[in-house]
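Reviewing the structure listed below.
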Amino acid sequence: MITTLLVCATLTAVDGDTVKCDGQNLRLLGEGFPFVSGIDTPEIGSHAKCMKERKLALLAKGRLTEILAEGGLKIESCGVRDKTQSHRSLVNIYDRNGDEVSSWKNASRGNGVRGTRTIGATESRTPT
């Protein structure tokens with residue numbers, strides 16, 4: 001798969017699996033493949049099915065915000081868009097150590113979100 005390196009003047013977390021690069025929403029692919037597997041975090045705001053999901057979503061967004069603030073990131077677009085109405089570009093973001101930011105290792109560091117894991121793209125589960 002051919003990837004394109006993206007440069008962002010501003011990069012912020014929208015939720016646990018979406019970032020905004022210079023005003024454009026980008027969906028984290030994770031270590032998966034488009035439409036097969038990858039990262040899927042709990043839904044935020046009115047998209048959440050319950051209060052527990054809302055709380056987990058805020059934790060996931062907070063952890064992604066922490067990772068983005070560390071800097072030294074590399075953003076790669078795989079040239080594919082997601083199948084939602086917004087057609088977000090699918091990207092992988094790597095930290096200064098070369099680890100994919102949505103990996104379990106990054107998600108569980110510090111005050112990580114243990115309720116979120118990389119799973120199939122159409123599922124969202126929390127460990128019990």
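Among the candidates 12, 65, single out the residue that is under 13 Å from the mean Cα position of the chain (by Cα) and in a helix (DSSP H, G or I).
65 is the lone residue from the list that is under 13 Å from the mean Cα position of the chain (by Cα) and in a helix (DSSP H, G or I).
Please verify whether residue 52 is at pLDDT below 85, in a helix (DSSP H, G or I) and surrounded by fewer than 17 Cβ atoms within 10 Å (Cβ to Cβ), treating the condition exactly as stated.
no
Name the single residue, out of those in the stretch 89-121 being buried (at least 19 other Cβ atoms within 10 Å of the Cβ) and of a type in the set (Val, Ile, Thr), that is modelled with the lowest pLDDT.
For the stretch 89-121, the residue satisfying everything is 118.
Given the conditions (1) in contact with a helix residue (DSSP H, G or I) (Cβ under 6 Å, 6 or more places away or on another chain); (2) closer than 12 Å to residue 101 by Cα, and given that residue 48 satisfies all but one, which numbered condition is not satisfied?
Checking residue 48 against (1) in contact with a helix residue (DSSP H, G or I) (Cβ under 6 Å, 6 or more places away or on another chain); (2) closer than 12 Å to residue 101 by Cα, the one that fails is (2).
Among 124, 86, which is closer than 23 Å to residue 5 by Cα and at pLDDT below 90?
Being closer than 23 Å to residue 5 by Cα and at pLDDT below 90 holds for just one of 124, 86, which is 86.
The values are calculated or read from the model by the stated rules, or taken from the named source; none is laboratory data. Please read these numbers as outputs of a predicted model, since none were measured by experiment. Quick reminder, even Gly has a Cβ in these numbers, built from the backbone with ideal geometry, and neighbours come from all protein chains shown.
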